[in-house]
Amino acid sequence: MTARLVFLTGSKAGTAVELGDATITFGRQAGSTITFGPDEVLVSAEHASLVYRNGRYVLKDSGSRNGTFVNDEVIRERELREGDLIRLGPGGPAARFTLGGAAAAQATLDIRQLTGNKAAELLKARKPGGGALSTTRELVALTFQRMSTSTRRAIIAVAVFAAAGLAGVVLWQMGRETKIREQMVKVAIALDSMRAEAAKDLTAAPVLPPPNPEITRRFPGVSQYSEGVALVVATYAYGQPGSKELLRYVLDPDGRVVTARFGSTGPVVQHVASATGFLIDTSASTAWLLTSRHITEPWSGTKELERIRATGLEVTPRLLDLRAWLPTTEAPFVAALHRASEQGDVAVLRLAGQPHARTLTLEAESVTVHVGDPLVAIGYPTRPRDLLAAASEAERAQIVAIAGDDDSRLVGELSHRHLIRPIITASDTATSGGSPVMNATRYRVIVIGGAQQRVPIALAWDIIPSHVKQALGLRPTANP
């Protein structure tokens, strides 16, 4: 039996690689056994390796930024089995591991590839009793000759009208596509300008509320809860309905954006959004985190999506990546939506892994918040780049030089330098959605807040898994 990787998506789609006992490396850097192009941004320079060990193939992640997946589960190391689906980064290039024999490697005959005498011989072989089979054109001509004159005229008239109608539809479609292309030129340049402006903002002085010593005096011990408050970062793009294609920029020879379209090989048109989240349970192999619902659909109500759809181009927003960054760990935790509330801006995420960080306690009873009640909020700024305020000017310049206009890389650099630290305020208006707001007496979360709105913690009770709710001592519910 011969082991193979059959690529299903990405630049290698449609190709197969035979595996031997030599180690296979995957990545964008030159020298990788399987090298991906610079536009395949979900693949790291050194992403993963495939090792032959004791008659088995073992896939290992090489510390990639976006993770390595087997059957949609993030892995560090996994022995491959027949039919396993390998993916380099969420939404990245995918390949199927197979142990098919020699017959599986043979090409399949496609009748559409046959032309001329070969096609005629195949058709002749199919005719019962042998003899040449008339072509479709000859049969149509013979039938037409046997028709009456009036029938012929009717058929011709119908054909003319049909041709005219078809021509009209084709012209309308061509005009529509031309209009979409013209509009997408403007939209793509505008989106790229917005991205460039955001990158330019990185060089400006970030804005954060200055540390307030009064907070620690009024709320002694509150800072210990910061380690369980995460910066939740989502990356999303625009897909073609009914297809795995993503909308990509088209660049000119100088690397400037010309337009955007499906089927291009340029960079993916993507955006990054962020919110605050906080740990509520880490007692099992899966950790649970409460956050804002909008981070699970970060494109909702954005100007970028409205501008693209205004051109007439049909797109479907797609979440490429969702991660939670905690102050106590440099590497992020891959997150997935468990459930979102239909009544308020709150959602439950499950994290792959077990963070070693303090969890926050939820108030088990419904609490009414009155004006003037002493409250304390822990959260992140609405723009992750404002976290640069805690860095020195030299360190800030280094981060900007490395990250450029890539917000995901910016967050990674901030984490690498231990700059993912939430702010503590007596008001949640300076923080992003999903921030825990606690009472000042027992430090229990009574509200999930942020700059947009406040959500009573009671709305979170019905979306937390039952076993987690039981462990937290919250009221029971019929919901899973």
Exercise. What are the residues in segment 247-281 that are closer than 20 Å to R421 by Cα and either open to solvent by 50 Å² or more (accessible area, probe 1.4 Å) or in contact with a Gly (Cβ under 9 Å, 6 or more places away or on another chain) (or both), if any?
Worked result: A275, T276, G277, F278, L279, I280
Exercise. When you look at G37, is it at pLDDT below 90, open to solvent by less than 60 Å² (accessible area, probe 1.4 Å) and on the phi > 0 side of the Ramachandran plot, yes or no?
Worked result: no
Problem set entry | Options L320, L305; residue that is in a helix (DSSP H, G or I), more than 12 Å from L349 (Cα to Cα) and either open to solvent by less than 20 Å² (accessible area, probe 1.4 Å) or in contact with an Asp or Glu (Cβ under 7 Å, 6 or more places away or on another chain) (or both) | L305
Exercise. Using beta carbons and a limit of 6 Å, which pairs, at least six apart or on different chains, have the first residue in segment 373-396 and assigned to a loop (DSSP other than H, G, I, E, B) and the second one open to solvent by less than 10 Å² (accessible area, probe 1.4 Å) and modelled with pLDDT under 85?
Worked result: Y380/S432; T382/S432
Seminar exercise, completed: Filtering segment 323-347 down to residues that are free of Cβ contacts under 8 Å to residues at least 40 places away in the same chain and part of a strand (DSSP E or B) yields A336
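Here is a yes/no grid of residues against (1) of a type in the set (A, V, I, L, M); (2) over 20 Å from E77 (Cα atoms):
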{"position": "R4", "(1), (2)": "no, no"}
{"position": "S11", "(1), (2)": "no, yes"}
{"position": "T15", "(1), (2)": "no, yes"}
{"position": "L19", "(1), (2)": "yes, no"}
{"position": "T33", "(1), (2)": "no, no"}
{"position": "G37", "(1), (2)": "no, yes"}
{"position": "S44", "(1), (2)": "no, no"}
Exercise. Could we say that E365 is farther than 19 Å from I457 by Cβ and without any contact (Cβ under 8 Å) to a residue 24 or more places away in the chain here?
Worked result: no
Exercise. Of all residues in segment 248-296, which are in contact with a Leu (Cβ under 6 Å, 6 or more places away or on another chain) and assigned to a loop (DSSP other than H, G, I, E, B)?
Worked result: G266, V269
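Please count how many residues of segment 394-422 are open to solvent by less than 40 Å² (accessible area, probe 1.4 Å) and out of contact with any strand residue (DSSP E or B) (no Cβ under 9 Å at 6 or more places or on another chain).
So the first thing to find is which residues in segment 394-422 are open to solvent by less than 40 Å² (accessible area, probe 1.4 Å), and the list is 399-400, 403-404, 408, 410-415, 419-420, 422.
Then keep just the ones that are out of contact with any strand residue (DSSP E or B) (no Cβ under 9 Å at 6 or more places or on another chain); that gives 399-400, 403-404, 413, 419.
Matching residues across segment 394-422 total 6.
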For this session: Please identify the pairs in which a residue from segment 47-62 that is farther than 27 Å from G37 by Cβ has its Cβ atom under 9 Å from the Cβ atom of a residue that is open to solvent by 50 Å² or more (accessible area, probe 1.4 Å), counting only partners at least 6 apart or on another chain.
Result: R53/E79; R56/E79
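Go through segment 208-237 and count every residue that is of a type in the set (A, V, I, L, M, F, W, C) and modelled with pLDDT under 90. Give the derivation first.
Initial filter on segment 208-237 (of a type in the set (A, V, I, L, M, F, W, C)): 208, 215, 219, 222, 229-234, 237.
When the remaining residues are screened for being modelled with pLDDT under 90, the result is 208, 215, 219, 222.
Here the count works out to 4.
Okay, residues lined up against (1) farther than 28 Å from G91 by Cβ; (2) open to solvent by 40 Å² or more (accessible area, probe 1.4 Å); (3) out of contact with any Phe, Trp or Tyr (no Cβ under 9 Å at 6 or more places or on another chain):
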residue	(1), (2), (3)
S285	no, yes, yes
H294	no, yes, yes
R309	no, yes, yes
T316	no, yes, no
S392	yes, yes, yes
For this session: Residues being loosely packed, with under 15 Cβ neighbours inside 10 Å and either within 18 Å of the chain's Cα centre (by Cα) or modelled with pLDDT of 95 or more (or both): count how many of those fall in segment 86-110.
Result: 0
Seminar exercise, completed: Counting only residues in segment 63-75 that are farther than 20 Å from R28 by Cβ and outside any strand (DSSP E or B), the one least open to solvent (accessible area, probe 1.4 Å) is identified as N71
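Considering G10, G55, G14, which residue is on the phi > 0 side of the Ramachandran plot and open to solvent by 60 Å² or more (accessible area, probe 1.4 Å)? Break it down into steps so the answer makes sense when it comes.
Details: G10 fails: open to solvent by 60 Å² or more (accessible area, probe 1.4 Å); G55 fails: open to solvent by 60 Å² or more (accessible area, probe 1.4 Å).
Among G10, G55, G14, only G14 is on the phi > 0 side of the Ramachandran plot and open to solvent by 60 Å² or more (accessible area, probe 1.4 Å).
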Problem set entry | Condition check for Q240: open to solvent by 50 Å² or more (accessible area, probe 1.4 Å), closer than 24 Å to D281 by Cα and either of a type outside the set (F, W, Y) or at pLDDT 85 or above (or both) | no
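The values are calculated or read from the model by the stated rules, or taken from the named source; none is laboratory data. Quantities reported herein were computed from a predicted structural model and do not represent experimental measurements. Here Cβ is always computed from backbone atoms with ideal geometry, including for glycine, and neighbour counts include all displayed protein chains. Quick note on the areas: whole protein, heavy atoms, side chains included, nothing else; ligands and nucleic acids left out. Shrake-Rupley method; radii C 1.70, N 1.55, O 1.52, S 1.80 Å.
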